[in-house]
Amino acid sequence: MVRLYALTRGRTRPTGQAFDLIAMITADSPYGADSPYGVDLGLDPESAAIVDLCRHQSQSVAEIAAELDLPLGVVRVLLGDLHDAGLIRVSRPVPPAMLPDERILREVINGLRAL
């Protein structure tokens, strides 16, 4: 068993941007089981598991932490390392200010019911 601080080399925060719980992560790596480059990324097992998990379908940060049974802080640090290495892509959720107002949505629903 490896201590959690050893996985992150003692870091408690990612080196770059912070990751929201609902940020979607997609692997951007040419490596994998179906790749001509092979499967070896030269990564530690936890980081390789993150890349493998996000290779075919985007996953949220919370889903990655749950699937790998790792604390959220550790996953965020590992994601920061992978992002710095250019192995993952991060999609931000739509900010609440850009979502339609609830009043407008209710008016649309009422308009559709009136048809």
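Among the candidates 46, 67, which residue alone is at pLDDT 85 or above and acidic (Asp, Glu)? Steps first, answer last, please.
Working: 46 fails: at pLDDT 85 or above.
Among 46, 67, only 67 is at pLDDT 85 or above and acidic (Asp, Glu).
If you scan segment 75-87, which residues turn out to be touching a Phe, Trp or Tyr at 6+ places or on another chain (Cβ under 9 Å) and either farther than 10 Å from residue 50 by Cβ or of a type in the set (Phe, Trp, Tyr) (or both)? Quick ask: steps written out before the conclusion?
As a first pass, look at segment 75-87 and keep what is touching a Phe, Trp or Tyr at 6+ places or on another chain (Cβ under 9 Å): 75-76, 79-80, 83, 87.
Scanning segment 75-87 gives 76, 80, 83.
Given the structure, is residue 32 of a type in the set (Gly, Ala, Ser), modelled with pLDDT under 85 and closer than 14 Å to residue 88 by Cα?
So residue 32 fits the description; yes.
The values are calculated or read from the model by the stated rules, or taken from the named source; none is laboratory data. Owing to the predicted nature of the structure, the values given are computational and were not obtained by experimental measurement. A quick note on method: Cβ atoms are made from the backbone with ideal geometry, for glycine too, and the neighbour counts reach across all protein chains shown.
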